[in-house]
1. Which of the listed residues, A369, P159, F322, is farthest toward the dipole's positive end in the chain, when Lys, Arg count +1 and Asp, Glu count -1 at the beta-carbon?
2. Would you mind getting the accessible area per residue of the range 481-565, heavy atoms of the protein chains only, 1.4 Å probe, in Å²?
3. Treating the angle as unsigned and between 0 and 90°, give the value, to the nearest 10°, between the Cα long axis of helix 394-409 and the longest Cα principal axis of the chain.
4. Taking a probe of 1.4 angstrom, what is the accessible area of T493 in Å², to the nearest 10?
5. Please give, to one decimal in nm, the separation of the simple spin-label points placed at T539 and K217, each 7 Å out from Cα toward the Cβ.
6. With a point put 7 Å past each Cα toward its Cβ, work out how far K229 is from R519 in nm, to one decimal.
7. Keeping all protein chains in position, work out how much accessible area T402 exposes to a 1.4 Å probe, and write it in Å² to the nearest 10.
8. Percent antiparallel among DSSP beta bridges with both residues in the range 181-304, to the nearest 5?
Amino acid sequence: MTILPFTASLRLVTPHHRPVLPLAGVLVLTISTFSTSPSTCQRFCEGHIVRPREQRHGIEISPCASLNPSEISVTTTMSGTFTYHFDTPVYKGTTALHTGLYINGEWVNPVQGSATADIINPANGKTITSVSVGTAADVDRAVVAAQNAYKTVWGLRCPGSARGRLLNKLADLVEEHQNELAALDALNIGKAFHTVLAGDIPFSIATLRYFAGWADKVQGKTMETNENKLAYTRHEPYGVVGQITPWNAPLLMVIIKIAPALATGNTIVLKPSEVTPLSALRIADLITEAGFPPGVVNIVNGYGLTVGAAIASHRQIAKVAFTGSAGVGRAIMRASTESNLKPVTLELGGKSPTIVFDDANLEQAVKWASMGIFYASGQACVAGSRIFVQESIHEEFLKRFTETAKALAGAIGDPFAQGSQHGPLISQAQLDRVLGYIEAGKQEGATLHVGGARHGNEGYFVQPTIFTNLKPDMKIVREEIFGPVACIIKFKTEEEVIEMANNTVYGLSCNVFSQNISRAIRVTHALEAGNCWVNCASTAEVGVPFGGYKESGIGREMGEYALDTYTQVKAIHVNLGLNL
């Protein structure tokens, strides 16, 4: 016997076009499809008559004249659930989440087929669970739900103050479930539990609260023209927006995307990474619990080539935001131009320089530079992978940096182990990619100073790695590796290092270390990067915009600038006395 919560999607058919609406509650079925008499069915039905092919509460009802009048066919299409029990030295608890598609406030199965994707634990290479995989047809369903929500209960029909209250409620729920959410991300991406709990979770909560505060402050301007005209602007939401998030910070990236979009009144069709969807699926239930109307947020699991492509090319999606690789960013821009010319926000890759001048606080510079490249095992778009050190302190810096890398190598381990500081790469494919870059560095003549090998035989761990004696045209200097590989490069003058640092197609971020603040500011102004940190690295703030130059992206997330990303300006001219 199977007991199904009545979030199941049921298809009831009768020969008299008098389908009935099932009761909320629990259905007890012996098999997934069965025939029963109308009297038996009454135990599960309210008896309401509805139109053929009508949907209510996720229940599809359609007539079928070929059935015997005494039979009703019931078929379940409910999405699955996943429960995981954590019993670790740093966290003990249980999480439960749906593994289907979250569309119109309900959990549903894909329209086409029953394909699933295995979700792998990168710390041991074993399957955690499987989730449903959607297609373009599911994106269509989600867009319809989002359009309906935008036209009826969201957008300009929902005051900003009400949107702000819902965002604050969601922040409360994330805070209430912070340990569970941190554990989910640690399990799914391999980042140390304490790192997620101390970093990604508080930033997610702060982001929700920040944009909750902005929700009722999206405003235009009144322009002075003449006494016979009133001219003003409105900053209006786009409507349905598409969002595609990456795998390296699953929860945080979802929150950074949805918070400003919701604050400004947009509805959302979101595709989380097919590699790390678990916290996004858990957040969906919290979105429901917070009270967001059905259809405001829709989450469609799936692959980039299907669900991602459908979002990027959908003519009823008015805007798309993507975080990921430059190659996929280009594909999204092409899809936009070939469909409805939707505006795009792209946060793409980086090959960020860290510059250490001879007057820097060396101890602090080493610590920050180490965090800048080895945080999350180098799987960060802002990773400071090219470390330029002034020649007079190069040897001392290298000595101390090497000690830091070796100490970190001694703290490689499972994300739930006590003292673990260096986790795995996300997948076998990423492991192969990073080891391939390390091999390319050796083949091109760079010196492998430390590390450079896989750690252990289980999971996808790579030792913190340092290369020296590098040339600008080497592959490991030019291309984004997305792994724990640092390139330490010697320089002489300020002018030289500015030219070397800017010699890249990327421009996401940079880090500059000098106790001469005038020089530090002068250099950051000369560097071609959207985010510059002086005497620190990668310390983002919710109120400060984030985005890149060159091939690192288009547009800005975070801060007040994100409001512009999710609104379009309407200019209004009112005639007060101009007569023809």
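The values are calculated or read from the model by the stated rules, or taken from the named source; none is laboratory data. Small disclaimer: the values here were computed from a predicted structure and weren't measured. For neighbour counting, all protein chains shown are included, and Cβ atoms are generated from backbone atoms with ideal geometry for every residue, glycine included. These area figures cover heavy atoms from the full protein model, side chains too; ligands, DNA and RNA do not enter into them. Shrake-Rupley method; radii C 1.70, N 1.55, O 1.52, S 1.80 Å.
1. P159
2. Per-residue value: 42 Å².
3. Relative to the chain, helix 394-409 is tipped by roughly 40 degrees.
4. The accessible area of T493 comes to roughly 60 Å².
5. 2.3 nm
6. Those two pseudo-labels are separated by 5.5 nm.
7. In the full protein context, T402 sits at about 10 Å².
8. 20 percent
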